[in-house]
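Just below is one structure, and these are the notes that go with it.
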Amino acid sequence: DAKTTQPNSMESNEEEPVHLPCNHSTISGTDYIHWYRQLPSQGPEYVIHGLTSNVNNRMASLAIAEDRKSSTLILHRATLRDAAVYYCILRDGSGDYKLSFGAGTTVTVRA
Amino acid sequence: SAVISQKPSRDICQRGTSLTIQCQVDSQVTMMFWYRQQPGQSLTLIATANQGSEATYESGFVIDKFPISRPNLTFSTLTVSNMSPEDSSIYLCSGGKTGLETQYFGPGTRLLVL
């Protein structure tokens, strides 16, 4: 599996945007970029995914670099409920749907 | 979407015993997976639960230690056999549907082995 690199932790103030970077320099042409998050004492939940174009949904936006070697998850207005570990995962679109979790980024939101 | 439940939610077990964890999905899913999350760590994939056939295990995990069943498209079990304190972890199941990109996770089973 192609690997991703994320910062260990990030802090944000409530109602401010959060930009979470992810480097994936060895990404292949069939790899989708997925983001999941794990709230305290819960299982991971899907946030967003993309292949080449930027993506928006009700939870977040995903900005993908033109060369696809990096991406940024954007939480537009952080709330206390967004405090979680965020995982950037590459998943082979032609493969077996397995997810390989890295260490992720722990996001802390200050009130 | 799919809602996944697990039983038990937590347990405390004695070393040398076995525990079977159940995973129930509220709708049919093509794929089911089992993960382990050791204290303070990320998730590690144990195996893919295949319906009606033997599970596919990841490197470092074996069927004798973690036997898995999946009798239908909505249910799977993971057994942690001959437990030791090193097996103390959170065990999570997940499910997804072919053609959809989202994988859904259960809340996890918190296991403490004394």
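Checking each residue in the stretch B:58-87 for being out of contact with any strand residue (DSSP E or B) (no Cβ under 7 Å at 6 or more places or on another chain), of a type in the set (Ser, Thr, Tyr) and farther than 16 Å from B:Cys13 by Cβ picks out only B:Ser59. Sub-6 Å Cβ pairs linking a first residue in the stretch A:93-108 that is at the interface with another protein chain (Cβ under 7 Å from one of its Cβ atoms) and surrounded by 14 or more Cβ atoms within 10 Å (Cβ to Cβ) to a second residue that is small (Gly, Ala, Ser) and not in a loop (DSSP other than H, G, I, E, B), at least 6 apart or interchain, are A:Tyr97/B:Gly96, ordered by first then second residue. Here the stretch A:17-40 is the region considered, the condition is being surrounded by fewer than 17 Cβ atoms within 10 Å (Cβ to Cβ) and closer than 15 Å to A:Val107 by Cα, and the residue that is farthest from the chain's Cα centre (by Cα) is A:Pro40. Would you please list the contacts, defined by Cβ atoms under 7 Å and residues six or more apart or on different chains, that run from a residue in the stretch A:70-84 that is of a type in the set (D, E, K, R) to a residue that is open to solvent by 30 Å² or more (accessible area, probe 1.4 Å) and outside any strand (DSSP E or B)? Within 7 Å, the pairs are A:Arg77/A:Glu15; A:Arg77/A:Pro17. Across the stretch B:103-112, the qualifying residues are those that are open to solvent by 30 Å² or more (accessible area, probe 1.4 Å) and within 14 Å of another protein chain (Cβ to nearest Cβ), and the one among them that is farthest from A:Val47 (Cα to Cα) is B:Arg110.
Select from the stretch B:59-94 the residues that are open to solvent by 50 Å² or more (accessible area, probe 1.4 Å) and more than 13 Å from the chain's Cα centre (by Cα) and list them in ascending order. B:Ser59, B:Gly60, B:Val62, B:Asp64, B:Pro71, B:Asn72, B:Leu73, B:Asn82, B:Glu86 - these are the residues of the stretch B:59-94 that are open to solvent by 50 Å² or more (accessible area, probe 1.4 Å) and more than 13 Å from the chain's Cα centre (by Cα).
The values are calculated or read from the model by the stated rules, or taken from the named source; none is laboratory data. This one's a predicted model, so the numbers in the text were calculated from it and none came from an experiment. Counting neighbours? That spans all protein chains shown, and the Cβs are built from the backbone with ideal geometry, glycine included. Quick note on the areas: whole protein, heavy atoms, side chains included, nothing else; ligands and nucleic acids left out. Shrake-Rupley method; radii C 1.70, N 1.55, O 1.52, S 1.80 Å.
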